Structures are given as structure tokens and as C-alpha cells.
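Comments concern the structure below.
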Amino acid sequence: MKTLLVLCVVCTLVVLSVSGTAEQKLKNCNDVRAAYSSKGFNVNDVPNKGINGAPLKVCPQGFSCCTVEMEEKLSQQSHSDMKAPVSRLSSNLQSTFKQKHEHFDKFFRELLKNAEVSLHSMFVRTYGMMYVQNAELFKNFFVSLTRYYVSGSAAVNLDSMLSEFWAELLERMFRLVNVQYEFSDAYMECVSRHTEQLQPFGDVPRKLRIQLTRAFVAARTFVRGLALIPEVVNKVSTVSASPSCVRAVMKMMYCPYCSGQVALKPCQNYCLNVMRGCLANQADLDTEWNNFLDAMLSLDERLEGPFNFESVMDPIDVKISDAIMNMQENSMQVSQKVFQGCGQPKPSAAFRSKRSLKETGFTGRFHPYSPDARPTTAAGTSLDRLTSDVKKKLKHAKKFWSTLPETVCVGERIASGDECWNGTAKSRYESVVIGNGLANQVSNPDVVVDITKPDIVIRSQIAALKEMTSWLKAAHSGNDISVENDEDGSGEESGSGCDSGSCDTDIYFSTPPNPGNPRINQVVDKSSGRISTQGSMALALCGVVLALLAPHLR
């Protein structure tokens, strides 16, 4: 009887103890109600007293201040809470490179426009009506360069365009220096076919072709690379969290509410495992992302050095003028070679009639070129400053995807030490932190991840990065392989431009062993961006005037 009485007393004390603990938990629901309502939820969802938590699907069961309805709402909230820091980091990255893309694109386009304006201004003062009457040739030249920059080899075969430009320029100048003759279209076609063999413009066309090809391929590929970064970030940001990820985040962030510990933060390693599970697919971007950024950095160095777009476009008017001077000074040798190869032209009946010099369309005007008249640099900056700045941003963006978990699990979002939420209680987190990427999630203790189903959007962006990397590496060598819907092979590296049988059989235009190359002073002063050529240009123009007047002097 005494033994039975003792057992009854013990049972009563146990019940009272449990009841006292429950009462203590019930009091903590007031804190939960305040925290819950601060999230924008209805405070009436929270029970006034702790209730049986057996129906809960995510949080620990037992006495709880949570209901199943609260779990569902807190799951939605946890999805937003997890997405917020990732979205903020992604948006910052997206905004940064969208701005860099706009700066570079605007800079290159303005350099093209300024080069055209500068050439027009210089040639009007230098060549007068002789240039004005042929200005559309140079205008079309810049239109084609712009089209190539915008659309690449799919729109303009740069090598062919340059060959056609020099051939057309030769045709017009050849008519001018031989105005006393009549030339049929067939005769001029003969002249054009042998532009490269004649080399009337010296070595300028060959050097300019190499410089333009390298600079344009590098510039447009680099700009496309900058444009790809915000595109990739934007598409990856559309990837939704899996249901298992949402449950894991909810358990990590809000299950402490159910036990009344609203201020309890998750352990850092616990947070890392949850976020690495949730962002496993994104982390798989990292390898190709880093390869792409390395290729961008390498091409950036090319833009700063041998493939500098600014250093090619800035003096292009002077380079073309040098070529024209070369043709003028060498016009007699060029004409003799043409007459030998294409036949002696007929004298012009119209020219034999008396005409004034004014009627020939060339006034002989010459004005010294002033470098101060050059348009200001595009966007008030320089390519060196742009490349230097973007280089820092590209380096900073490396490992962006694989370090997202570490970036999220910091500061106020986690608790350091052992006084933290480990998923079940306020205690130390014992599990090992797993690695990044989908394959490593097979052993994730906190998030169930199906490693057999990689995200389709992520995989497509990995493919896009890999393709762009191959384009960047080709551009680093001066090649454009980013041709689409191009059936004529215009994306191949520029060749000699001599692809017909006549190049091998024609013997009329062979270069003599010691050709008399005209003297051209091409000393470029980068401080002024100009070369000193006025004297030789004036001499050349005098030669043209004498050629025009020769028939009248007989």
C-alpha cells in the first residue's frame, strides 16, 4: 500500500512538472505572435497557448506555438527570405555589367562616328572638290565598318569590303590622273582586278586590313561578352527553388518560432549546407563562368595593347590620306603597268576640247591640317580607362556562383558559436559541411536534392558561356568565328584576296626587283594624334594638277 502511494505521488509530480514546462512554453507564444505579425501575417493565426504539434510537417513536434497553416505561410516567407539576398547580389552584378556594356558600346560607336567626321573635315580642307565629288565612297566605307561592328561577318565580309574599297578608290584616282583618256567599264574592271598586284597605295591597305580586322573582332566580341553577363544572370535568377529547398529553409529560419525562440539564429555550417543544397545547380555554372571571365580578361589585355580599337580608328584619316598620296606620287608607274596589262586606252575626245581647270572639278586647294580640330574622344574617356575599370569588375565576379552560400550565410542571418539553431534544438551543429555543386549533394544532411536531374536553364547557360569563351579565345588571335548563317565563308581569316586563276597566270603586273617606292613620312605623334605630311601631300597634289594640264601644254 505504501509502495502504491509513493508511485502515485511520483506520477503526480511528473505530470505537474510537464504541466509547468508546458505553461512556460505557453507564455512564449506571446513573443511568437509579435514576431509572426511583424512578417505581415494575421496574429490570430498564432494560438494563444502552446498546442500539440503532432500535425506539423516540417518543424519538431511536441508542444508548439505553430500550426500547419502557420507552417505553410512561413514556408512562403522563407522562400522570399532566401531569394532576397541572392536576388540583390545578382541584380548588382547584372546592373554593373549592363552599364559596362553600354559604356563600351557607346565608346566604340562614337569612335567610328568621330573618325568619319574627322576624315571628312580633313579631306574637304585638303582635297577640296576632288574629295567632295567622291565623298560617298568614304561614307559607304564607314557605313560598312559600322555594320560589321554591329553584326559581324554575317552582315559584312570585312576582308572583301576593304578590297572593294581600295579597288574603287584606285578606279576613281586612276581616272583622275589619266583624265586625258577614255576608259570603258571592262577596262576599269581589269584595273580593279589587279589592285593588290599593282600596290598603288603602298603597304597601307595590307597593314590597315590587319589592324582593322584585329581591332574590330576584338572590340565587338568583347562587347558581346559584356552583354552576355547580365543575360546569364537574368536567366539564372528565374530558376525557382525546389520544394525540398523551401522546406529546408523554412526549418532553418522559422522552426525556432514553434518553441518560442524567435531570436534564435541558425548555425553557420547548418546555413551553408542548406544554401549549398538550394544553390547546387547555380554552383555548377562556376567552372565555365570562370573560364569565360578569364577569356574576357585576356581579350581585355589585347584591347589595351596590339588590338587597341582607339589607336586604329583615331588616325585612320591620316592612313587613308597616306595611301592616296602614295598613289599620286606613284601614278606614272602605276599607269604604265596598267597600260601594259590592260592595253593602251583611247584618248578622250571630250578632254581635247578646251576646258578650264575649274571644269575638271579640281581646284588645287590645300589647307594645313590642324590636330586641334579633331573631335573630342568618345564619351569623354579613353579605351585605356574603360578597360582598366572593367578588368577590376571581371576579376571581382569570379567564383560568384560557388560563393553565394558563403555570401548569404553571414552577419545577422546566422549565429556564431554553439548557441545557435541546428535544425532540432539550440545546440552545436555536428554535421560536416558538404561541397558545392550538384554531385556533392548526394550526402547533404539537410536538403534532399535529386542529382540526376540538372536544371535545364542552368545547363543552357553553361553552353552559352562555353560558346562565348571559344569566340573570345579566337578573337584573342584576331579571328572571328562567331559567324551565323554565313554560307560564303566570310567568317574565315582574311586571305590575300587573290582567289581567281588570273592571279597565277597574269604576268603583266609583276613587281620589279627594285621598285621605286615613293617616300612617305609616316611618323605619328601620339600626343597630337597626327603625322607631318603636308609638304609631300602638296607636292603630290601638284603632280595631279600637272597631269591634268599636260594636254593643254602640248
Segment 212-245 scanned against label point 7 Å out from Ala154 along Cα→C-beta; backbone N under 18 Å for 217-229, 231-232
The percentage of the accessible area of segment 138-200 (probe 1.4 Å, all protein chains present) made up of carbon and sulfur atoms, to the nearest whole number, is 46 percent
Length gained if Glu72 through Ala135 is fully extended, taking 0.36 nm per residue and subtracting the Cα-Cα distance, is 15.5 nm
So for R0 = 60 Å, FRET eff. of Lys453-Arg172 from the Cβ-Cβ r, to 0.05, ends up at 0.40
Along segment 211-224, Karplus-curve 3J(HN,Hα) (6.51, -1.76, 1.60; θ = phi - 60°) to the nearest Hz, with x for Gly and Pro, reads 5, 5, 4, 4, 5, 5, 4, 5, 5, 5, 5, 5, 5, 5
In nm, the gap between the two label points placed 7 Å beyond Cα toward Cβ at Arg88 and Lys113 is 3.8 nm
With the 1.4 Å probe rolled over protein heavy atoms, segment 131-211 has an accessible area per residue in Å² of 43 Å²
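The values are calculated or read from the model by the stated rules, or taken from the named source; none is laboratory data. Quick caveat, the model's predicted, so the values are computed rather than measured. Cβ sites come from the backbone with ideal geometry, for glycine too, and all protein chains shown count toward neighbours. Note: areas computed on protein heavy atoms with side chains; ligands, DNA, RNA excluded. Shrake-Rupley method; radii C 1.70, N 1.55, O 1.52, S 1.80 Å.
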